[in-house]
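Following: one structure in structure tokens, then a few remarks.
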Amino acid sequence: MVKTGIRYQLFILTSKVALSTLILLSIVYSIYITVFADGRNEYSWIPTIHDGVLTLISGLLSSVVALGFAWSFARKVILPLNAVAESACKIAEGQLSERATHSIREIREAALLVDDFNAMADKLEVMSSEMKKWNAAIAHELRTPVTVLQGRIQGILDGVFEKDDRQFLLLLNQAEGLSRLIDDLRVLSLSDSGQLYLYRETVQMDQLIVTSVELFSDELERKGLTPTIEAEKMTGFVDKIRISQVLSALLSNTIKYSVSGKILITCHLINGNIRMTVEDEGPGIPPQDISAIFDAFYRANNVRSERTDGSGLGLAVVSSIARAHGGQVSCRRSGLGGSCIEIVLPAEIN
């Protein structure tokens, strides 16, 4: 079997260098003797035994020194590479917490390789953890509507429930909830893979907001919420359907979690950006949870966590759509006493 290890290759290389050096010394010595030899002695150019021994000893010492340096260099390269290889094997076996190590005496490039490998392993571990959380959360969110659908349908078949409009309406509501959940998951999946494509068009933003609020007029009235719209006339080059989805998610979120009172929806053009806000009177979001509200399946540890309806994907979808437009979304304390969700989008794109 052909040996291809770094140590073996370095040994062969340094041996060749030492041998070449020995041969070169012999050639140079021969040329020197030829040029500067004593003309009275025709054999003066021939090296003596003493000269040969000195040359051989010099060559051997050079070889030993070269091999020593090569061995030291090889260790500085091989140790971090072996650490990376061993850690990679353990990670492949499922030990995602495994990390490679290196010392400060190792070569800078090899140490950087170890650091980059560990950074990649950290991201892989985080992704694996997030995937497990996602799978558990998705299973949890799907279980309730599927269980209700299965139980109701089985009850209808067994004669426990009547086949009336009320039962079919309940089944339809559960099916619509499943459809919304699947659509939200699809949006997040496309966003994470960079494939959330937009179909931009020139949209009258103020009219889009009015239309979206009108669609929720009955739900707002039942909750005791009075919407106030402050939107200047403007156009934006956006995906109309996606922005409508954003407004629907924000209004739905407000209806679910805010107390009765006033909600304020604004839209203004500031420094070439469209700034939309949705504010309510409370109870708001705890300051320690604000940074996480746009994560999928998030629910704060306050009155929001008492609600069992909703998937916890609404604000994550809002964030994904905003980023796809080249914008951003943020949350802060509202002057009304609750929360203020602000979306900033570029009015035009190059």
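The values are calculated or read from the model by the stated rules, or taken from the named source; none is laboratory data. The structure displayed is predicted, hence computed values, not measured ones. Ideal geometry is used to build each Cβ from the backbone, glycine not excepted, and the neighbour counts take in all protein chains shown.
See the values below:
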item	result
Selection from region 207-218 of residues that are within 37 Å of the chain's Cα centre (by Cα) and of a type outside the set (A, V, I, L, M)	Q207, T211, S212, F216
Answer residue from region 258-283, given it is crowded, with 23+ Cβ neighbours inside 10 Å and more than 22 Å from A347 (Cβ to Cβ) and is farthest from the chain's Cα centre (by Cα) among those	I263
Residue match in region 171-191 (condition: at pLDDT 80 or above, assigned to a strand (DSSP E or B) and not polar (S, T, N, Q))	no
Of residues in region 212-251 being hydroxyl-bearing (S, T, Y) and within 22 Å of A324 (Cβ to Cβ), the one surrounded by the most Cβ atoms within 10 Å (Cβ to Cβ)	S212
Whichever residue in region 325-345 is of a type in the set (S, T, N, Q) and touching a helix residue (DSSP H, G or I) at 6+ places or on another chain (Cβ under 9 Å) and, among such residues, is modelled with the lowest pLDDT	S339
Complete set of residues in region 313-350 that are in a strand (DSSP E or B) and either without any contact (Cβ under 8 Å) to a residue 24 or more places away in the chain or within 23 Å of the chain's Cα centre (by Cα) (or both)	Q328, V329, S330, C331, I343, V344, L345
Residue identified as surrounded by 12 or more Cβ atoms within 10 Å (Cβ to Cβ) and at pLDDT below 75 among I78, I107	I107
Residue list for region 208-259, filter: within 21 Å of S330 (Cα to Cα), among the small types (G, A, S) and part of a helix (DSSP H, G or I)	S212, S244, S248, A249, S252
Complete set of residues in region 186-211 that are surrounded by 13 or more Cβ atoms within 10 Å (Cβ to Cβ) and of a type in the set (F, W, Y)	none
Matching option when the condition is closer than 22 Å to V213 by Cα and at pLDDT below 80, among S311, S305, S320, S252	S311
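Every residue, every condition in (1) farther than 30 Å from N135 by Cβ; (2) of a type outside the set (F, W, Y); (3) touching a residue at least 40 places away in the same chain (Cβ under 8 Å), yes or no:
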site: R186; (1), (2), (3): no, yes, no
site: R200; (1), (2), (3): yes, yes, yes
site: L208; (1), (2), (3): yes, yes, no
site: S212; (1), (2), (3): yes, yes, no
site: E219; (1), (2), (3): yes, yes, no
site: T235; (1), (2), (3): yes, yes, yes
site: S258; (1), (2), (3): yes, yes, yes
site: C267; (1), (2), (3): yes, yes, yes
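Residues checked against (1) assigned by the TED database to the domain that holds A322; (2) exposed (fewer than 11 other Cβ atoms within 10 Å of the Cβ); (3) closer than 30 Å to I241 by Cα:
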{"residue": "R152", "(1), (2), (3)": "no, no, no"}
{"residue": "V160", "(1), (2), (3)": "no, yes, no"}
{"residue": "R166", "(1), (2), (3)": "no, yes, no"}
{"residue": "L169", "(1), (2), (3)": "no, yes, yes"}
{"residue": "D184", "(1), (2), (3)": "no, no, yes"}
